[in-house]
1. Measure off 7 Å from each Cα along the Cα-to-Cβ vector at Cys266 and Arg302, then give the distance between these two points in nanometres to one decimal.
2. Among Ala81, Leu105, His95, whose Cα sits farthest toward the positive end of the charge dipole of the range 72-114 (+1 at Cβ of Lys/Arg, -1 at Cβ of Asp/Glu, about the Cα centre)?
3. Please report, largest first and rounded to whole Å, the three semi-axes of the ellipsoid equivalent to the range 121-174, where each semi-axis is the square root of five times an eigenvalue of the C-alpha gyration tensor.
4. Could you please tell me the mean projected area of the C-alpha convex hull for the range 38-91, averaged over all directions and given in square nanometres to one decimal?
5. If the range 248-315 were replaced by its equivalent ellipsoid, with semi-axes equal to the square roots of 5 times the Cα gyration tensor eigenvalues, what would those be, largest first, whole Å?
6. Counting only C-alpha contacts under 8 Å and six or more residues apart, can you give the relative contact order of the chain as a whole percent?
7. Given all pairs of different Cα atoms, what value in angstroms does the Kirkwood hydrodynamic radius of the range 1-157 take?
8. Using a 7 Å offset from the Cα along the Cα-to-Cβ direction at both Arg249 and Ile178, what is the distance between the two label points in nm, to one decimal?
Amino acid sequence: MKVRKIALEEAFTFDAFREETAAIRSRFNPAWARYVGERIEDLGDRRIADMDAAGIDVQVLSLTSPGIQGMEDPRAAVATAARANDLLAGAVRAHPTRFAGFAALPCQDPRAAVAELERAVKQLGFKGALVNGHTRGAYLDEQRFWCIWEAAEALDVPIYVHPTDPVSPWACCQGYPIGGVPWGWAFETGSHALRVILAGVFDRFPKATMILGHMGEFLPFSLVRLDDRMDFVVARTGLEHAPSHYVRRNVLVTTSGVHDPAALRCTLDVLGSERVLFAVDYPYQRNEDAARFIESVDLSERDRALVCHGNAERVLRLRAD
Ligand code: MN
């Protein structure tokens with residue numbers, strides 16, 4: 001029996017970023033660059049045909065990386081985020097049973113980001129926000145961004161922290177293509193999540209929720225060592241709990257781009273089946289590969305239903321069909 005599938009990390013872009021995203025794609029393997037290039041701006045028939053072909057029922061869409069986070073001018077970031085969110089809202093209105101939205105946020109101006117999040121959730125019906133990692137080197141642990149966590153908690157919507165390139169390349173990755181998507185992105189993004197945890201954001205906003213993709217950006221595998229050795233090096237973090245407590249309480253993880261039964265088992269063991277959610281990472285990953293993985297991997301039917309749709313329906317308050 002086909003399982004209803006709601007996918008949470010599904011990318012689009014639009015004319016404001018057309019050249020930038022094409023330049024990024026030019027670094028990819030050419031066949032993949034073409035596949036992505038033909039799909040990433042489509043918010044209608046082509047996307048839905050690809051979903052239908054693989055049995056994806058709903059995409060929760062977001063502006064692709066780096067998007068707003070890469071912009072230099074705060075006023076331009078505010079205006080462009082609003083355009084991106086309006087464009088996505090139009091697609092959701094046209095296909096309300098197939099699409100939902102995560103807002104782009106102009107973190108360059110934290111108060112404007114809060115206003116845009118409130119507008120996106122209350123007026124456009126968005127389900128949360130997706131931030132493409134650091135905003136020109138600024139991470140979401142900084143005090144000036146706590147108003148965004150405060151607003152997300154008050155609105156009861158999650159903030160998805162998506163990977164991006166590091167501020168400067170790591171020496172340990174130089175000379176090999178591992179600094180970005182295949183490896184470095186997970187360390188970059190897992191570290192971003194730890195910064196937010198260690199800053200005390202979730203002591204202050206205990207009901208705030210962060211979503212991480214890619215089976216948790218290395219965190220589920222590392223929690224025991226993290227707690228143990230954090231204690232070893234600092235004795236006290238100043239937090240109310242060990243770091244793992246916040247990962248289990250405030251973080252949700254998606255399966256985007258990791259079609260690996262062992263990684264899924266680890267993530268489920270650590271977080272529990274109510275905190276792991278399906279995602280594809282379309283069009284950077286193929287819908288059919290993600291669908292085949294989640295439908296065939298060894299899971300109880302209860303857990304499969306939670307991961308594929310039940311958790312998303314609960315957390316994002318999506319209609320259950
Ligand atoms: Mn992605």
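Any read-out appearing in this document is the output of simple, stated calculations on the displayed coordinates, not a laboratory observation. Everything quoted here is computed from the prediction, not taken from an experiment. Please note: Cβ atoms are built from the backbone with ideal geometry, for glycine as well, and neighbour counts cover all protein chains shown.
1. 2.6 nm
2. Of the listed residues, the answer is His95.
3. 28, 13, 8
4. Approximately 4.2 nm², given one-decimal rounding.
5. 18, 13, 12
6. Computed over the chain, the figure is 19 percent.
7. About 16.2 Å, per the Kirkwood formula over Cα pairs.
8. Roughly 3.6 nm, to one decimal.
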